[in-house]
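J.: Okay, handing you the structure first.
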Amino acid sequence: MERSAAVALTISTLAALGLAAVYIAGGQPQAEGVLLALCLGGIGVALGLWGKDIGGSHREPGAEPAVVTAERPELPSDAGPRADVAASLDRGGRALGRHDRRRFLGRFFATAAGALGLAALFPLRSLGPAPGGALRHTAWREGSRATVDGRPVRAADLAVGSVLTVFPGDDTSEDSATVLIRVDPDRLDLPAGREGWAPDGLVAYSKICTHVGCPVGLYQETTNELLCPCHQSTFDVLRGARPVSGPATRSLPQLPITIDDEGFVVAQSDYEEPIGAGFWNRERRP
Amino acid sequence: MLIRPVLRWLDDRVGGAPFFSKALNRVFPDHWSFMLGEIVLYCFIVLVATGTYLGFFFEPSGREVVYDGSFAPLQGVEMSAAYRSALDLSFDVRAGLVMRQIHHWAALVFVATMVVHLARVFLTGGYRKPRDLNWVVGVTLLVLAIVNGFLGYSLLDDLLSGTGVRVANAILLAVPFLGPDLAFGLFGGEFPTEDLVPRFYILHVLVVPAIIVGLLSVHLALVWRQKHTQFAGEGRTETNLVGERLWPAYAMKAGSLFFLTVAMLAALGGLAQINPIWAYGPFRSGLATTAVTSASQPDWYMGWLDGALRLMPAWELRTEWFTLPNPFFGGVLVPSLFFGLLYAYPFLEARWTHDRHRHNLLQRPRDNPGRTGIGAAVASFYLVLFLAGSNDVLAGVFEVAPESITALFRVLVIVLPAAAFALTRRLCRELQASGLRPIAEPGGPRPQPEPEPEDPRGGVRR
């Protein structure tokens, strides 16, 4: 035991010196980790060996065996001390006055404490603004130009099968992220009421998945499906981006777009419904 | 010897010699599984030490900066100051990367050993009265550890962690009535915000760790006060403790385990790369949506929640005045039910079995087939959710559609726990009947369980 422990401690010592040397030489993560592990491991092994030896063959005469038996005292206090606690509480209560007076004042204390608690809750509001309509609106407005890196997008630049992530003007806030896709206009089968939203097969959908809000990043041209990489929801681009598979339950909201006089893609309005993940009062009209 | 004068000096001012001599002679029952909780404690010490070191270099700020450090591929890229400082401490601070990786590994092992420790306490009935109280403290520690792990992982503000926070945002939004206010309150506005990093930082380095330290102290104080449980065996009863004394045997063993644990974490931190944030790139609000990410996986202890989100069929409750969004079921309901039942289990079991006695002898898993069956069911349920969290990766490996994997898991998540329960319960009963014993179990043939001794004080039990 002694020899093995001494070897372990020697390795530990050498590793510590090595660690210092590596550090001075400029550091190297792998070497640092290994040398630190050797330093600590050497000490751990030595302690373990020494500890294992207790009560073993080297036991000194008269020393007790390693494994001993001890009493386990009962946890609960005796009835006496328990009664003492109750009696002490009563004594204090009596010192505070007659029963009816205590109850009278006690109610006021409870009311004051409750009011304080309530007042202390108000600063919580400062942590964040009231959601208000923030979850229902994006930065898209009537006439907002769709941009990539701040440059407006020309409708003519998108061939069938092209896909772009666009933002309204200079505003690159996440909830405005929109995918712009050119599909064959004859195959497009949008829900009723969206006539004129997709000029020449150019459709724009919110890029924020309606499941938990990941960007719907993958477009499969062969199937005309948008796929969310987080939880594998897929959306049918030709049919108003309705969910085809995966956990998403709602279609990606569609942005009504048109093409302005200079050939740039512009929005007709903001999205007509909240984009992204759901929330409890989503369907309520504010 | 210098020790005696020092002790005298101290005792003159503080007293307490009887306590210390009793403490040094205290007996600790010995079983390898009693060391699991210790590893949790040692990981926590490593987390505090390495975390403090990292705190000297980390800049908890969401403001936009341009990178010009020594990692060439990201030169000139816009990113948050937090992400830049994480890159700097990885590449330009000597010993920074190894500290960061040890910190991350320690967090993973921290939660992992906590779960194994919990499983041991569960399967051996260690949570029964009087330790039901400490079970509640322990489950709370598990929740806090998971929360703090997630906060720390999100602090670096890389693309991958940003995706995780995005999912967390949606889960918060899905909470009935309070959702939007909770999300806006946590992030300081509509996600994503610049406030996210500084807020997560103060929660990660002060608020949650302070609560963990407090509850950890309570947890250990209760172990000290109630003393360890022990397995049944020759000479071991409900009213005694058979084991080694604190000084020196237990102290040597615990000390050795401490150094070996830290050594293992150091080796992992040096050799096993973890969370290479430079490969993911920065999370930049809005523009992050243009980066294509796939196979994004959270840290292991969040995998089951991600799996629950993925397995949930595309249902949601939608009425004119109220919506229960789809992530509510996987992200809010599943964890609430899981932890709710976990908290309540000791009390539910006591109610079912009308068991109001105090227990100091542990049961072997086979001694309580029903409970062990429940344990196996929960483990298999968790396993299916965990695997479902990587259904896209599995689909790639087995070259099938992710939908098929998901459909399979939807069946398994119901069938497997039921099968595991029935099979394990039966196995336990047969083991009981066979009288087979583990080879290395101390104590030889086990005495018949003794009838609970009558409480001499009467009436004060409960």
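J.: Run the dipole for the protein assembly as shown about the Cα centre, Lys and Arg Cβ at +1, Asp and Glu Cβ at -1, nothing else charged, and hand back the magnitude in debye, nearest 20. Display every interim value, and only then the final one.
T.: Numbers: 66 positive and 69 negative charges, 772 e Å.
In debye, rounded to 20, the protein assembly as shown gives about 3700.
J.: Still on this structure, I have one more. In whole Hz and in residue order, list the ³J(HN,Hα) couplings for region B:406-422 that follow from phi through the Karplus curve 6.51 cos²θ - 1.76 cosθ + 1.60, θ = phi - 60°; x for Gly and Pro.
T.: 4, 4, 4, 5, 4, 6, 4, 5, 9, 6, 4, x, 5, 5, 4, 4, 4
J.: Here is a follow-up. Within the protein assembly as shown, what percent of beta bridges assigned by DSSP are antiparallel, to the nearest 5? Intermediate values should be presented prior to the final figure.
T.: Values: 43 of 45 bridges.
Restricted to the protein assembly as shown, the bridges split so that about 95 percent are antiparallel.
J.: Within chain B, which is the longest segment that contains none of the GluC sites (Glu not before Pro) sitting in a DSSP loop with at most 14 other Cβ atoms within 10 Å? Before the final figure, lay out each step's value.
T.: Values: sites that count: B:E234, B:E320, B:E399, B:E454.
That would be B:1-233.
J.: List the relative contact order of chain A as a percent without decimals, with contacts defined as Cα pairs under 8 Å and 6+ residues apart. Before the final figure, lay out the partial values.
T.: Values: 412 pairs, mean separation 38.7, N = 286.
Worked out over chain A, it gives 14 percent.
J.: Can I ask one more? Excluding residues fewer than 8 places away in the same chain, name every one of the lysines whose C-alpha is closer than 17 Å to that of B:K227.
T.: The reachable lysines, counting only those whose Cα sits under 17 Å from B:K227, are B:K22, B:K129.
J.: Roughly what angle does helix B:208-226 make with the longest principal axis of chain B, taking Cα atoms, 0 to 90 degrees, to the nearest 10?
T.: The angle comes out at about 10 degrees.
J.: Mind listing the long-range amide H neighbours of A:R282? Cut-off is under 5 Å, sequence gap 5 or more, other chains count too, H placed in the peptide plane at 1.01 Å from N.
T.: Correct list: B:T323.
J.: At what distance in nm do the modelled label points of A:V85 and A:R98 sit from each other, each positioned 7 Å from its Cα along Cα→Cβ?
T.: 3.2
J.: If you don't mind, another one. Would you work out the relative contact order for region A:138-283, in percent, from Cα pairs under 8 angstrom that are 6 or more residues apart? Walk me through the numbers on the way to the answer.
T.: Numbers: 348 pairs, mean separation 37.6, N = 146.
Reported as a whole number, the value is 26 percent.
J.: Enter the angle in degrees (range 0 to 90, nearest 10) between the Cα long axis of helix A:79-95 and the first principal axis of the Cα atoms of chain A, meaning the one along which they spread out most.
T.: Helix A:79-95 and the main axis of chain A meet at about 70 degrees.
J.: Now, a different point. Mind checking the mean number of beta-carbon atoms from other chains within 10 Å of the Cβ atoms in B:268-279? Present the calculation step by step, with values, prior to reporting the outcome.
T.: Values: counts 2, 7, 10, 5, 2, 2, 0, 0, 0, 0, 0, 0.
Mean partner-chain Cβ count within 10 Å for B:268-279: 2.
J.: Compute the long axis of helix A:99-121 from its Cα atoms, compare it with the longest principal axis of the Cα atoms of chain A, and write down the angle in degrees, 0 to 90, nearest 10.
T.: Long axis of A:99-121 versus the principal axis of chain A: about 50 degrees.
J.: What's the longest bit of chain A with no exposed GluC sites (Glu not before Pro), using DSSP loop states and at most 10 other Cβ atoms within 10 Å as the test?
T.: Values: sites that count: A:E195, A:E262.
It runs A:1-194.
J.: Excluding same-chain residues fewer than 8 positions from B:K253, which aspartates and glutamates have a Cα within less than 13 Å of its Cα?
T.: Result set, ordered by chain and number: A:D53, B:D30, B:E38, B:E244.
J.: Could you work out the relative contact order of region B:358-445? I mean the mean sequence separation of Cα pairs under 8 Å and 6+ apart, divided by the number of residues, in percent.
T.: Values: 68 pairs, mean separation 38.9, N = 88.
Answer for region B:358-445 is 44 percent.
J.: Here's a follow-up. What is the dipole size for region A:2-127, taken about its Cα centre, with +1 at each Lys and Arg Cβ and -1 at each Asp and Glu Cβ, in debye to the nearest 20?
T.: Details: 13 positive and 11 negative charges, 241 e Å.
With only Lys, Arg, Asp and Glu charged at Cβ, the dipole is about 1160 debye.
J.: If you take every DSSP beta bridge whose two residues both sit in chain B, what share of them, in percent to the nearest 5, is antiparallel?
T.: Working: 10 of 12 bridges.
Antiparallel: roughly 85 percent of the beta bridges in chain B.
J.: Loop-only chymotrypsin sites (Phe, Trp or Tyr not before Pro) in region B:289-377, please: DSSP not H, G, I, E or B, and at most 10 other Cβ atoms within 10 Å.
T.: On the way: sites: B:W300, B:Y301, B:W304, B:W315, B:W321, B:F322, B:F328, B:F329, B:F338, B:F339, B:Y343, B:F347, B:W352; in loops: B:W315, B:W321, B:F322.
Answer by residue number: B:W321.
Quick note: the coordinates plus some simple rules give every number you see, no bench work behind them. Keep in mind it's a predicted model, so treat the numbers as computed, not measured. All Cβ positions, glycine included, derive from the backbone under ideal geometry; neighbour counts span all protein chains shown.
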